[in-house]
Amino acid sequence: MKDKKVIVAGTGKSGISAAGLLVRNGAEVTLFDEKTSVDRDKIMSEFYNSEKISLVLGELTDEILSDADLMVISPGIPVDAPFVEKVREKDIPIWGEIELAYYFNKGKIAAITGTNGKTTTTTLVGEIFKEYTDNSIVVGNIGIPFTKLCDTTTEETLVAAEISSFQLETIHEFRPHISAILNLTPDHLNRHYTFDNYAEVKFKITKNQTEDDICILNYDDEEIRKRRLLAERVHVVYFSRKEMLSEGVCVADGDVCVFENGRKTRLLSLKDIKLLGDHNIENVLAAAAITYYMGIPAEIIEKVCTEFKGVEHRIEYVATINGVPYYNDSKGTNPDAAIRGIRAMTRTTFLIGGGYDKKASYDEWIEAFDWKVKYLVLIGETAEAIAKCAKSHGFNNIVIMDSLKDAVMFCYENAKPQDAVLLSPACASWGMFDNYEQRGDLFKQYVRELEE
């Protein structure tokens, strides 16, 4: 990349990290954002060497495009955005952040995607890698851009990477040694338009893999099995919570086991897993499969999987107040994830939901309430639509609140000791919050204020 002229689109975490990587490696960077309201001084303060970076806000001119060798776009930018189309018409290559990171990476990559469970599975894989070797990193959609660390890797580095559908849209050569697709349910249809488009983008994680590589797939997910042939050249290994597999990773007599070539290898006992819910058993199965096929010894996989207590914002216990436990599931940003959250509850529950509209359907979420949801407490732009959907299914214990703080207070004033309170929104956080982490952090803050 030395002396290449690269446009980096997006001034968020991903764009700044990509620009920094390029500058460190000798490129000349034009950092671009359509928004003119961003803080120019704050952005430029992120770079130790600003001489190689120019910041352009508002519009990409023909003059800037005339000598550009490459554009790198941040995941949040749609690939059909007008300025991206303009760049494409100029025959300038367009990469995403993951493709750029792969260009510099020397490590061995385990790349994990799917609709739900990515963060838990990636975190667990990262913990297993860390137990095995100090030379490992956890990157991607999990919060640390791959571009921040890719040029520090060696051939011995183990990389656990959470990969989103947005990131997979812009790969070209990206080839993980192990890929995993955990599950497929409709999500981000405001971006991908149809479920088939979304599923095909997810399977792009296998695009450049060969028989020398491995793709881990969830046998229990019908939508994945239907699309098995999209992973056409790679060696596929299934995992299953429900079925005995003659080949693959599954549950046998209460143990997580690997079956391959007529041989059985025990990895760990289900009863020793500390995480709540069937979905987390699937996450453990996936992580065990990924790390086993990355060559990690069974005893290390067992030790870490049985000690692992989960990730922040995913059915995270916060506090018990007046006999009522509060759980933060802010990572439940779509209906399927929220279904998993409510299924993990063992008490009647005050459920806080709602947020940004990703054009999802809420019917299956409402149907999963069963006896568990006592009150549905709604916030955000989807509140009215969710309320209408819930009523069409005969659920009428609904209140709409102006803010998350008001929602927490309603639950505090009305929940009884036999109840629980769960924030599991089934919607993205945008509009009311910067991201799901901020939403979860504020929920925890409001709950803890109740104790004072």
Sequence of C427, C389, C250 once ranked by neighbouring C-beta atoms within 10 Å, starting from the fewest: C389, C250, C427
Semi-axes of the equivalent ellipsoid for the range 164-234, Cα gyration tensor, largest first, Å: 19, 15, 9
Assigned charges on the beta-carbon of Lys, Arg, Asp, Glu; the chain dipole about Cα centre (debye): 760
Debye-sum result for the range 1-154 in log10 I(q)/I(0), which assumes one identical scatterer on each alpha carbon, at q = 0.15 Å⁻¹: -0.81
Selection from I300, L267, M44 lying farthest towards where the dipole of the chain points positive, charges on Cβ: L267
Counting all C-alpha pairs of the range 5-92, share separated by more than 15 Å (%): 53
Residues W365, W95, W430, W371 arranged by fewest to most Cβ contacts within 10 Å: W371, W430, W95, W365
From the C-alpha gyration tensor of the range 387-449, square roots of 5λ in Å: 21, 18, 10
Over the chain, equivalent-ellipsoid semi-axes from the Cα gyration tensor in Å: 36, 30, 20
Sum of -39500 (n - 2.57) over DSSP H runs of 4+, divided by residues of the chain (222 nm, nearest 500): -9500 deg cm²/dmol
Enclosed volume per residue, in Å³, of the convex hull spanned by Cα atoms of the range 316-450: 86
The chain: antiparallel DSSP beta bridges as a percent of all, rounded to 5: 20
Volume in Å³ per residue [convex hull over Cα atoms, computed for the range 150-306]: 135
At R0 = 25 Å, FRET efficiency that the Cβ-Cβ distance of R448 and I400 yields, to 0.05: 0.55
Label-zone membership for the range 192-219, site E232, 7 angstrom Cα→C-beta point, backbone N under 15 Å: 200-201, 203-211
Placed amide H near I400: partners under 5 Å, 5+ positions off or other chain: L378
Distant-in-sequence amide H partners of C215 (H built 1.01 Å from N, under 5 Å): S179, H235, V236, V237
Residues with amide H under 5 Å from that of I315, placed H, sequence gap 5 or more: D329, S330, K331
Taking S45, S37, S164 and counting other C-beta atoms within 10 Å, the order from fewest to most: S37, S45, S164
³J(HN,Hα) computed for each position of the range 320-331 - Karplus, 6.51 cos²θ - 1.76 cosθ + 1.60, integer Hz, glycine/proline x: 10, 10, 6, x, 10, x, 10, 10, 9, 10, 4, 5
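Every number here is computed from the coordinates shown, using simple stated rules; none is lab data. For clarity, every value in this text was computed on a predicted model and none was experimentally measured. Heads up, the Cβs are rebuilt from the backbone with ideal geometry, glycines too, and the neighbour counts pull from every protein chain shown.
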